[in-house]
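Here is the structure we will look at, set down as structure tokens.
The values are calculated or read from the model by the stated rules, or taken from the named source; none is laboratory data. As the structure is a prediction and not an experimental result, all values here were calculated from the model. Neighbour counts run over all protein chains shown; Cβ positions are idealised from the backbone, glycine included.
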């Protein structure tokens, strides 16, 4: 939809207070919903070290690599500081040729609603409010 906001980082301000789960060491879920895969291999994400973590998001700086504080309890005592991961899909994503504006580094706003949606029938990476 025209005006929709897209960004490179996986965790946003709106996630503060929500549950976060690292499934094995391969996926991050926020409030039980898939958010991103975790990069593995020789340049693995720091999130690989939080195998099977389940806790809460306490603080978020919106940028790739910026601070995200997570803790085992909502009180956020003994929070662990992690880098905000870049959006990453372990399997191929659909290619699109949509036009975007970039109001700030790492974020894009869709200029026009596409005439047809090449991603119909594909589950979105992030679905917010419908």
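For the range 33-51, the candidate set comprises residues that are part of a loop (DSSP other than H, G, I, E, B) and out of contact with any strand residue (DSSP E or B) (no Cβ under 9 Å at 6 or more places or on another chain); within that set, the residue that is surrounded by the most Cβ atoms within 10 Å (Cβ to Cβ) is 40.
Looking at the structure I just gave you, is residue 54 under 17 Å from residue 87 (Cβ atoms), surrounded by fewer than 15 Cβ atoms within 10 Å (Cβ to Cβ) and out of contact with any helix residue (DSSP H, G or I) (no Cβ under 7 Å at 6 or more places or on another chain)? No, not satisfied. Within the range 70-113, the set of residues being surrounded by 14 or more Cβ atoms within 10 Å (Cβ to Cβ), part of a loop (DSSP other than H, G, I, E, B) and modelled with pLDDT of 85 or more comprises 72, 76, 79, 84, 85.
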